[in-house]
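The structure appears below as structure tokens.
The values are calculated or read from the model by the stated rules, or taken from the named source; none is laboratory data. This is a predicted model, so every value here is computed, not measured. As a convention, Cβ positions derive from the backbone with ideal geometry for all residues, glycine included, and neighbour counts pool all protein chains shown.
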Amino acid sequence: MEEYYEILKKSELFQSADDETIKRVLFCLEGHTRLYGKGEIIYQYGDMISNAGIVLEGKVELIVPGIIGDDSSIKVAVPSDSFGCSHSCLTDQPSLVTVIASKKTKILFLKMSKLFSQEAIRCSYASLVTANLLRQTAVANLEQNKRIHIMSRRSVRDKIWALLKDTPMEGDQCLLPMNRQEMADYLGVERSALSRELGKMKKEGFIDFRKNVFIVNKYQ
């Protein structure tokens, strides 16, 4: 596992952790790895999750199944990103998403519920991860609130503007970490409707874009 320590140090769960901390926490939380092929399901919707995952290699996608097959991708996790942390703390809550490997992927699994044992509570190494988990949960809650704010807008254009205004700008440019389908899923709209509205906004001179780089010429 030592070859992945630098990746783990980039993870929110191991923020400020040194090699010794990582080694001890992996032992304490029963850390183990598993390889997945492209398209292989890591967690199915409704599964009881006993372990959180951290991506070491590859990429995974978190998908909310639709009622009539219209699934929505809500997150893409790349190396150092984690998933399933809250559910693995509780252990008796079913997963609300399906987690699928988008390519050949290696996952580190951690039994987060062990953070609440008396041994872990008294352990300074485990306490660091607990503090990081609390911070991660707070950030995730704020991100969810931002998405609710964006999705509450009625028109596709208003949703686009809300997303762009909420994305950090460098001058008049911003980089969205998602492709068009992922952007449509995030906004809760059809991809065709999104592409049509982006085309109109570009034609009207409000924005320009190349793939996922957007230039805001003027706000509406």
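Right, residue 164: at pLDDT 85 or above and assigned by TED's automatic domain parsing to the domain that holds residue 26 or not?
no
What residue, among those in the range 132-142 that are free of Cβ contacts under 8 Å to residues at least 60 places away in the same chain and surrounded by 12 or more Cβ atoms within 10 Å (Cβ to Cβ), is nearest to residue 160 (Cα to Cα)?
140
Which of the residues belonging to the range 8-65 are under 15 Å from residue 82 (Cα atoms) and polar (S, T, N, Q)?
Answer for the range 8-65, where residues must be under 15 Å from residue 82 (Cα atoms) and polar (S, T, N, Q): 11, 15, 33, 50, 51.
Which ones in the range 87-112 are out of contact with any helix residue (DSSP H, G or I) (no Cβ under 6 Å at 6 or more places or on another chain) and either assigned to a helix (DSSP H, G or I) or among the aliphatic types (A, V, I, L, M) (or both)?
The answer is 87, 90, 96, 97, 99, 100, 101, 107, 108, 110.
Within the range 1-39, how many residues are surrounded by 13 or more Cβ atoms within 10 Å (Cβ to Cβ), part of a loop (DSSP other than H, G, I, E, B) and touching a strand residue (DSSP E or B) at 6+ places or on another chain (Cβ under 7 Å)?
The qualifying residues number 3.
Quick one: which residue in 74, 121 is touching a Leu at 6+ places or on another chain (Cβ under 9 Å), free of Cβ contacts under 8 Å to residues at least 24 places away in the same chain, of a type in the set (Val, Ile, Thr) and outside the structural domain of residue 186 (by TED's automatic domain parsing)?
121
Tally up the residues in the range 113-125 that are surrounded by fewer than 16 Cβ atoms within 10 Å (Cβ to Cβ) and part of a loop (DSSP other than H, G, I, E, B), please.
Residues that pass the stated criteria total 2.
So is residue 162 crowded, with 16+ Cβ neighbours inside 10 Å and touching a helix residue (DSSP H, G or I) at 6+ places or on another chain (Cβ under 7 Å) or not?
Criteria met by residue 162.
Given the structure, is residue 138 assigned by TED's automatic domain parsing to the domain that holds residue 26 and part of a helix (DSSP H, G or I)?
Numbers: assigned by TED's automatic domain parsing to the domain that holds residue 26: yes; part of a helix (DSSP H, G or I): yes.
Considered against the rule, which asks whether it is assigned by TED's automatic domain parsing to the domain that holds residue 26 and part of a helix (DSSP H, G or I), residue 138 comes out as yes.
What tally of residues in the range 144-159 results from selecting those that are over 11 Å from residue 186 (Cβ atoms) and in a helix (DSSP H, G or I)?
Final tally of qualifying residues: 7.
Would it be correct to say that residue 128 is surrounded by fewer than 16 Cβ atoms within 10 Å (Cβ to Cβ) and either outside the structural domain of residue 187 (by TED's automatic domain parsing) or touching a Phe, Trp or Tyr at 6+ places or on another chain (Cβ under 8 Å) (or both)?
The answer is no for residue 128.
List every residue pair whose Cβ atoms sit under 7 Å apart, with the two residues 6 or more apart in sequence or on different chains, where the first one lies in the range 36-59 and is under 23 Å from residue 7 (Cα atoms) and the second, anywhere, is basic (Lys, Arg) and not in a loop (DSSP other than H, G, I, E, B).
56/106; 57/106; 58/106
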